[in-house]
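Since the structure comes first, as structure tokens, the remarks are kept for the end.
The values are calculated or read from the model by the stated rules, or taken from the named source; none is laboratory data. No experiment lies behind these values; they were computed from the predicted model shown. Backbone-built Cβ (ideal geometry, glycine too); neighbour counts: all protein chains shown.
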Amino acid sequence: MKHESIETNAGLLIVLTLIVISIGGLVEIVPLYFIDSTIEEVKVEGKDTIRPYTPLELRGRDIYQREGCYLCHSQMIRPFRDEKLRYGHYSLAAESKFDHPFQWGSKRTGPDLARVGKKYSNEWHVQHLTAPRSVVKESIMPNYPWLSRNSLQYKDIQDRMRALKMVGVPYSETKAEYEANVKRFGEDVAKNLDIINAEKNLLAQAESGNYDGKPEKLSEMDAVVAYLQVLGTMVDFSKFDEGHFAKFR
Amino acid sequence: MMSSEKSKSTVQTTGHSWDGDLQEFNNPLPNWWLWTFYATVVFAIVYWILYPAWPIGKDYTKGVMNEITYTTADGKTVTTHWNTRALLLKDMQQAREAQQQYLKDINASSYEQIRNDEEKSAFAYSMAKVLFADNCAACHQAGGNGKIGFYPNLLDDAWLWGGSFEKIQETITNGRHGAMPSFKGRLSEEQISDVAEYVLSLSGNEMDTAAVKRGRKVFTTDGGCTACHGADAKGQIFMGSANLTDKIWTIADVPGAESAADKKSAVMQVVTNGKQRTMPAWKGRLSDTEIKILTFYVHQLGSGK
């Protein structure tokens, strides 16, 4: 192809430019899909301990995205000493393998939330989300009072799970898929990953967890708090040597 | 555009032309630019050799002559190729070594020994302040004064779960769940009103004598309050039931009440609605040493017992 024909043809020039500048990105990204240690294997007693979200947690995650919490909060603890001291163990790639899209973020107006699960009580989260300044005087986080007022919509929960299944999250629909999950995650977890029983499971978790402190109402608050309370809690790091996860890099 | 004079004599053109007379010069790159470019190429090659760089199938080159040796907290020494996670472990090791003398001292000392040693307690204080701000202040507030009705004040001398070093350490390690039941429906409105009169009388408030007398009966029999708060109403630390005889309130906002009627309604509200609240467990999230340092700090805050 002659130089001149590229330079005098804007369409062709754009296409070829795009190809050239994407090479740098592709060379860096594509191999990661093939390298074995990109995503750490995290097994305790033969079972994967990192699991997809339960239906209730999944709804909480959707609301987290709807409200734009990620604009102020990252979910990625980097391997630095100051971050370890403040937030805990650095995040593993495996911990966001079922997140589509992941919530790593890069903007920290508020603290990182990757390990906020179990750090506070449910009551604290409800109070804090409703009126942050009632617990943290100098907070600049917005109030989210409607989370308690809005009833949780969950009729489309099966569709939401199917959509994620299409991009590789192992929610089960068939008996064989369910059996595979039992083998991979254990029976208790597998039950919650079953699409057919999603509504029933969602209601059961909300009832037993009573996240918003109001058992009579299933609100968006229930889902958001259930989601926040599971963040960063799936890996029990006491089960692994301190240097174990450094081997994957 | 440069003068056409120059274009003819010194600089070549690419030979392309547009609209008849628009030409493109082919100026040589300045030398400083060219050599900087060559330098970046050399840098990249050196980097590829020293650091993890090239993918090969399912693995990648790990870099040579650039190993990291670190020692973990439990004393294992590991040598590995350069990576940021190992770098963190090395960093943690160096920090541990720098603080080692103090940390060893803290771990080996009893709480009394820390309290009586100026250097040790100064170290514990400075570390505890940061830990408290990161982990506890969201509930107990930055100064530890808490929020009445929600999170207990750690500065005062009253302890729901005990103020000894051992008890505070237990509280922080395993967490606590405070459960005052709701008496809505179990006691009538009048009974709750009476028992509130009685409860307030215990801490020296002037109340209606007849109501107090009726209230005492509710407290000891119908309400069964003594089962948890004790016959003397001083509370029991094994279940965190509040002492009702001191002037310190943790849930009912009696100090904030303006009138006698407000005080009573604050107590009635607690008895009517009950209160459930949770202090999270910190085992696993904080190390044993960190919990020890916080225990010392909280104990000193509240002039613990």
Residue, nearest to the other protein chains (Cβ to nearest Cβ), within region B:31-60, restricted to residues that are at pLDDT below 95 and in a loop (DSSP other than H, G, I, E, B):
B:LYS58
Give region A:81-102 a look and list any residue that's facing chain B (nearest Cβ under 9 Å), within 30 Å of A:ALA163 (Cα to Cα) and out of contact with any helix residue (DSSP H, G or I) (no Cβ under 7 Å at 6 or more places or on another chain), or say none.
none
Selection within region A:195-249 - more than 10 Å from every other protein chain (Cβ to nearest Cβ), touching a strand residue (DSSP E or B) at 6+ places or on another chain (Cβ under 8 Å) and outside any helix (DSSP H, G or I):
A:ILE195, A:ASP212, A:LYS217, A:LEU218, A:SER219
Residues of region B:262-305 being within 11 Å of another protein chain (Cβ to nearest Cβ), over 24 Å from A:GLN127 (Cα atoms) and surrounded by 17 or more Cβ atoms within 10 Å (Cβ to Cβ), in sequence order, are B:LEU286, B:GLU290
Which number in (1) over 21 Å from B:TRP161 (Cα atoms); (2) surrounded by fewer than 16 Cβ atoms within 10 Å (Cβ to Cβ); (3) in contact (Cβ under 8 Å) with a residue 40 or more places away in the chain marks the one condition that B:LYS213 misses?
(3)
Wholly enclosed helices (runs of 4 or more DSSP H) of region B:193-305 bearing at least 2 residues farther than 30 Å from A:VAL116 by Cα
B:209-217, B:226-229, B:260-273
Please find, among A:SER139, A:SER134, A:SER74, A:SER121, the residue that is of a type outside the set (Val, Ile, Thr), buried (at least 19 other Cβ atoms within 10 Å of the Cβ) and within 11 Å of chain B (Cβ to nearest Cβ).
A:SER121
Just for region B:237-261: of the residues that are of a type in the set (S, T, N, Q) and surrounded by fewer than 20 Cβ atoms within 10 Å (Cβ to Cβ), which one is nearest to the other protein chains (Cβ to nearest Cβ)?
B:SER259
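One line per residue, one yes/no per condition, for (1) crowded, with 16+ Cβ neighbours inside 10 Å; (2) acidic (Asp, Glu); (3) not in a loop (DSSP other than H, G, I, E, B):
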site: A:ILE50; (1), (2), (3): yes, no, no
site: A:TYR90; (1), (2), (3): yes, no, no
site: A:GLU95; (1), (2), (3): yes, yes, yes
site: A:HIS100; (1), (2), (3): no, no, no
Restricting to region B:128-142, name every residue that is facing chain A (nearest Cβ under 10 Å) and closer than 12 Å to B:ILE291 by Cα.
B:LEU131, B:ASN135
B:ILE148 vs. criteria of a type in the set (Val, Ile, Thr), surrounded by 14 or more Cβ atoms within 10 Å (Cβ to Cβ) and modelled with pLDDT under 95
yes
Looking only at region B:160-210, how many residues end up being β-branched (Val, Ile, Thr) and without any contact (Cβ under 8 Å) to a residue 40 or more places away in the chain?
1
